[in-house]
Amino acid sequence: MTLALDRIDTVPAPAPVARAPRAVPAVAGAGLRVPLVTGGTREYANLDHAASAPCLAEVRRAVDEFLPWYASVHRGAGFASQVSTRVHERSRDIVARFLGARRGDTVVFTRNTTDALTLLARSVPRHTAVVQFDTEHHAALLPWRGPHVRRIATPSTRSGAIAALDAALADCPEGPRLVVVTGASNVTGEVLPVAEFAAVARRHGARIALDGAQLAPHRPISLRELDVDYVAISGHKLYAPFGAGALAGRADWLRAAPPYLAGGGASRSVAADGERVTVAWNDGPERHEGGSPNTVGVYALGVACAELERHAGAVAAHEDELLARLRRGLAGVPGLHTLRLFADDPAVADVVGTVSFVIEGHDPGRVAAALSAEYGIGVRDGAFCAHIATRRLVGRTGTGGAKALRASIGLGTTTEHVDRLVTALRRLVTGGERWSYAELDGRWAPTPDPRELPPFLR
């Protein structure tokens, strides 16, 4: 038996930059063709990786290989159960390595980043002062409520953000403190100065939690090197869309907190004294993983992390080239304004493969509908589960409205996809649409829409 995780122990380090770049990992669905309202089909240009990335081909292969062995985890004496338990725990080790965990750190498997950060929010000591910027994704913004939360209006420069965080922490009352920040903006793709934020947090005796959902698919994350205490990630952003995520970091707060999901697996022993039930809870990550775990999702996440680690150099080169091409192309579209958190020079700013923009006089939802219906292109429109950030950044363009378009690249993106988007936007802006559209239940859609759903949905 040679499941993929059995081969992970010997994952080579990323190749030095001087070597020729290796091919990036393949994704399931590459070459997928979608119908157009104008007739015929077109290869799907998936430019919505920031929402959910496609499954890696290696992840799909590994899951298919594992499924016949799938059985109960942590509970069975059967051989398949032992295999599944081994897969589950080795996946935990792989995710810990992928995230640069320190000795003593723990990895708790969750459903996604939202779940992971909500778990952390329920685990902090009482009266912990929480400091964060108001332009966070809702997964990081909404779990923290109450009088102990201090939200900073994000300044327009990185240096201003660092200074604002320093001032906010200095104003916090005595007691435990936690800073919650994103690694890369899901609206603009800008990478935030996490290491600098961590240094500020340390000066004030605070811990720091990182929303790594948008950073992890593009850049290495190391709890140790960034000096952060916690990081949350989602499998569906990491080319492993099987319903698993993770919270990694210091174990003490998690060990002291009530179980996130009370039930089997979280409990070490349960006894009855009359009508009273007493429970001894587990101390390890199982404390917060009650119920039968999503081992298939956990395994997929582990395989994806190993693949991205193995191909880190090639992934970065692929995305950097496509992002530069995309930005050059968008700069030539009349009336198009890109969104930015910080006022740094775009040529030197650190960004991952996400660009959001508005076009003067054009509704983002209608443009997205036309890109899909007429050109076979998938982009995101709206406020991207970061309503405060999107509304503020769109407001700076002076174009009105509170929504934008977002194009995000990844391993499934090709140069033809990027060029097709740029060409389509120019045609829509200068020549208009080739089909009619109407707003239905708050979403723009072609009318009529002759495109047929795939056979499994009919």
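The values are calculated or read from the model by the stated rules, or taken from the named source; none is laboratory data. Quick caveat, the model's predicted, so the values are computed rather than measured. Note: ideal-geometry Cβ built from the backbone for every residue, glycine included; neighbour counts use all protein chains shown.
A compact table of results
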item: Identity of the residue in the stretch 265-278, more than 28 Å from the chain's Cα centre (by Cα) and either surrounded by 13 or more Cβ atoms within 10 Å (Cβ to Cβ) or not assigned by TED's automatic domain parsing to the domain that holds Gly235 (or both), that ends up nearest to Val124 (Cα to Cα); result: Ser267
item: From the options Ala316, Ala304, Ala324, residue that is out of contact with any Ser or Thr (no Cβ under 9 Å at 6 or more places or on another chain), closer than 30 Å to Arg61 by Cα and not assigned by TED's automatic domain parsing to the domain that holds Gly205; result: Ala316
item: Residues satisfying the stated conditions in the stretch 121-137, i.e. charged (D, E, K, R) and surrounded by 23 or more Cβ atoms within 10 Å (Cβ to Cβ); result: Glu136
item: Test: residue in the stretch 72-80 that is surrounded by 15 or more Cβ atoms within 10 Å (Cβ to Cβ) and outside any loop (DSSP other than H, G, I, E, B); result: no
item: Condition broken by Asn186, with the remaining ones in (1) in contact (Cβ under 8 Å) with a residue 60 or more places away in the chain; (2) in contact with a helix residue (DSSP H, G or I) (Cβ under 6 Å, 6 or more places away or on another chain); (3) part of a loop (DSSP other than H, G, I, E, B) satisfied; result: (2)
item: Which numbered condition Pro241 fails, given (1) touching a Ser or Thr at 6+ places or on another chain (Cβ under 7 Å); (2) part of a strand (DSSP E or B); result: (2)
item: Residue satisfying condition, being over 20 Å from the mean Cα position of the chain (by Cα) and not polar (S, T, N, Q), within set Arg325, Arg340, Arg310; result: Arg325
item: Strands (runs of 3 or more DSSP E) completely within the stretch 381-447 that count 2 or more residues being touching a Ser or Thr at 6+ places or on another chain (Cβ under 9 Å) and surrounded by fewer than 15 Cβ atoms within 10 Å (Cβ to Cβ); result: 437-440
item: Any hit, the stretch 40-58, residues being farther than 20 Å from Ala368 by Cβ and either surrounded by fewer than 16 Cβ atoms within 10 Å (Cβ to Cβ) or modelled with pLDDT under 95 (or both); result: yes
item: Pair list, Cβ under 6 Å, 6 or more apart: the stretch 191-209 residue buried (at least 23 other Cβ atoms within 10 Å of the Cβ), other residue at pLDDT below 95 and small (Gly, Ala, Ser); result: none
item: Filter result for Leu247 (assigned by TED's automatic domain parsing to the domain that holds His138 and assigned to a strand (DSSP E or B)); result: yes
